[in-house]
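J.: The structure under discussion is supplied below as structure tokens; questions concerning it will follow.
The values are calculated or read from the model by the stated rules, or taken from the named source; none is laboratory data. Everything numeric here is computed off the predicted structure, so don't read it as measured data. Cβ: placed from backbone, ideal geometry, glycine included. Neighbour counts: every protein chain shown. Ligands, DNA and RNA are stripped out before the accessible areas are found, and what is left, the full protein with its side chains, is counted by its heavy atoms. Shrake-Rupley method; radii C 1.70, N 1.55, O 1.52, S 1.80 Å.
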Amino acid sequence: MMNRRHASLALALASGLPLSSFAQKKIVLGFSQIGAESEWRTANTESIKQAAKDAGIDLKFSDAQQKQENQIKAIRSFIAQKVDVIGFSPVVESGWETVLREAKAAKIPVILTDRTVDVKDDTLWVTFMGSDFLEEGRKAGRWLTENVKGSDVKIVELQGTVGSGPAIDRKKGFEEIIKGKPQYKIVRSQTGDFTRAKGKEVMQAFLKADPKVNVLYAHNDDMAIGAIQAIEEAGLKPGKDITIISVDGVKGAFEAMMAGKLNVTVECSPLLGPQLMATVKDVVAGKPVPKRIVTQEGIFPMDTAAKEFPNRKY
Ligand code: AHR
């Protein structure tokens, strides 16, 4: 299939003029970001903007403020502007079929970053780069079963955005590990929408309903940090009275661990910008790219925080 860039190259060759006389047109990437709900997301946006600059790619960036309809509008506007590639991080997994078909009909390749979509036809997108959220949930679960012992461990869970890939998979992976171990019980589970404010609010409600909680599993660091405030305001010691497990590995989580208030964070890297720009260039050049590019990540318990902190880039 010949895209617009290949077509202009063919035109240049057919004209008989030297290629150098045709100024190299910048690649245009339309990127629809979810929003600015967390420290992770802010770092992800910075990584994408900086990498586009470094790679000489013309980035059209749109912030959807956590709303799927805004992302759909942004994608339609990128199609109307005839960008070379569309990149986006879908706020939720379902509901993308129609707009992705529109992009395909316009012959604009789509790259998924961070989160994936749930569509039957996987030719609607070229590649998906980002973390393995299921494995992150499993890592959190394994840390719990290896480090928190007892015959009746009461867990409260702060879920991410309802319907989002990380909320679905981090829950699933964690539950997979505690399944068949009746001493670990999730007694309350609710969404905190990946934000500090909501994390605090929901944790307050959890503690009001029953302050006898042993473990908090938060699907991201921001909700854990909000919950830490709620726990302290309730006169309890986060990290001691309540063991806290979260995901992301942002600097705020490392600070909380160094203060003894958060027990472990499972890493989820937002630094996807350079990989995205390299893939955009490959796609435009017509090179084959892998369908799935998984980010390699670790896990950081509290006792590693001080040593690791100076190395953290987000
Ligand atoms: O999709 C990645 C998740 O989205 C991060 O864990 C969370 O902090 C962010 O908002």
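J.: Which numbered condition in (1) more than 16 Å from the ligand (Cβ to nearest atom); (2) in a helix (DSSP H, G or I); (3) under 29 Å from Asp114 (Cβ atoms) is the only one that Ile225 fails?
T.: (1)
J.: Anything in region 63-88 that is of a type in the set (S, T, N, Q) and open to solvent by 80 Å² or more (accessible area, probe 1.4 Å)? List them, or say none. First the steps, then the outcome.
T.: Filtering region 63-88 for residues of a type in the set (S, T, N, Q) gives 65-66, 68, 70-71, 77, 81.
Passing the criteria: Gln65, Gln81.
J.: So Val99 ticks every box in (1) of a type in the set (A, V, I, L, M); (2) within 16 Å of the ligand (Cβ to nearest atom); (3) farther than 23 Å from Asp282 by Cα but one. Which box is left unticked?
T.: Checking Val99 against (1) of a type in the set (A, V, I, L, M); (2) within 16 Å of the ligand (Cβ to nearest atom); (3) farther than 23 Å from Asp282 by Cα, the one that fails is (2).
J.: Search region 234-266 for residues being among the polar types (S, T, N, Q) and part of a strand (DSSP E or B), and hand back the single one that is most open to solvent (accessible area, probe 1.4 Å). Walk me through it before giving the result.
T.: Residues of region 234-266 among the polar types (S, T, N, Q): 243, 246, 263, 265.
Filter once more, keeping what is part of a strand (DSSP E or B): 243, 246, 265.
Details: Thr243: 23, Ser246: 0, Thr265: 0 Å².
Top of the filtered list is Thr243.
J.: For region 131-167, name all the residues that are among the acidic types (Asp, Glu) and surrounded by fewer than 19 Cβ atoms within 10 Å (Cβ to Cβ).
T.: Asp132, Glu135, Glu146, Asp152
J.: What number of residues in region 267-305 are open to solvent by less than 40 Å² (accessible area, probe 1.4 Å) and not in a helix (DSSP H, G or I)? Don't jump to the end; show me each part of the working.
T.: Residues of region 267-305 that are open to solvent by less than 40 Å² (accessible area, probe 1.4 Å), as a first pass: 267-270, 272-273, 276-277, 279-280, 283-284, 289, 293, 295, 297-298, 300-301, 305.
Checking the rest, the ones that are also not in a helix (DSSP H, G or I) come to 267-270, 272, 289, 293, 295, 297-298, 300-301.
Going through region 267-305 one residue at a time, the tally reaches 12.
J.: So, Arg170, is that one within 16 Å of the ligand (Cβ to nearest atom), part of a helix (DSSP H, G or I) and buried (at least 24 other Cβ atoms within 10 Å of the Cβ) or not? Spell out how you get there, then give the answer.
T.: Numbers: within 16 Å of the ligand (Cβ to nearest atom): yes; part of a helix (DSSP H, G or I): yes; buried (at least 24 other Cβ atoms within 10 Å of the Cβ): yes.
Considered against the rule, which asks whether it is within 16 Å of the ligand (Cβ to nearest atom), part of a helix (DSSP H, G or I) and buried (at least 24 other Cβ atoms within 10 Å of the Cβ), Arg170 comes out as yes.
J.: Which residue out of Ile186, Ile231, Ile225, Ile177 is of a type in the set (Val, Ile, Thr), open to solvent by less than 40 Å² (accessible area, probe 1.4 Å) and more than 20 Å from Cys268 (Cβ to Cβ)? Before the answer, list the steps.
T.: Details: Ile186 fails: open to solvent by less than 40 Å² (accessible area, probe 1.4 Å); Ile225 fails: more than 20 Å from Cys268 (Cβ to Cβ); Ile177 fails: more than 20 Å from Cys268 (Cβ to Cβ).
Ile231 is the lone residue from the list that is of a type in the set (Val, Ile, Thr), open to solvent by less than 40 Å² (accessible area, probe 1.4 Å) and more than 20 Å from Cys268 (Cβ to Cβ).
J.: Let me ask you something else. Which of the residues spanning region 66-107 are free of Cβ contacts under 8 Å to residues at least 40 places away in the same chain and outside any helix (DSSP H, G or I)?
T.: Our first condition is that a residue be free of Cβ contacts under 8 Å to residues at least 40 places away in the same chain; within region 66-107, this holds for 67-73, 76, 79-80, 95-106.
Passing the criteria: Lys67, Gly95, Trp96, Ala106.
J.: Could you go through region 51-62 and let me know if any residue there is open to solvent by less than 50 Å² (accessible area, probe 1.4 Å), within 16 Å of the ligand (Cβ to nearest atom) and outside the structural domain of Lys198 (by TED's automatic domain parsing).
T.: Let us first name the residues in region 51-62 that are open to solvent by less than 50 Å² (accessible area, probe 1.4 Å), namely 51-52, 55-57, 59, 62.
Add one more test, that the residue is within 16 Å of the ligand (Cβ to nearest atom), and what stays is none.
Within region 51-62, none of the residues are open to solvent by less than 50 Å² (accessible area, probe 1.4 Å), within 16 Å of the ligand (Cβ to nearest atom) and outside the structural domain of Lys198 (by TED's automatic domain parsing).
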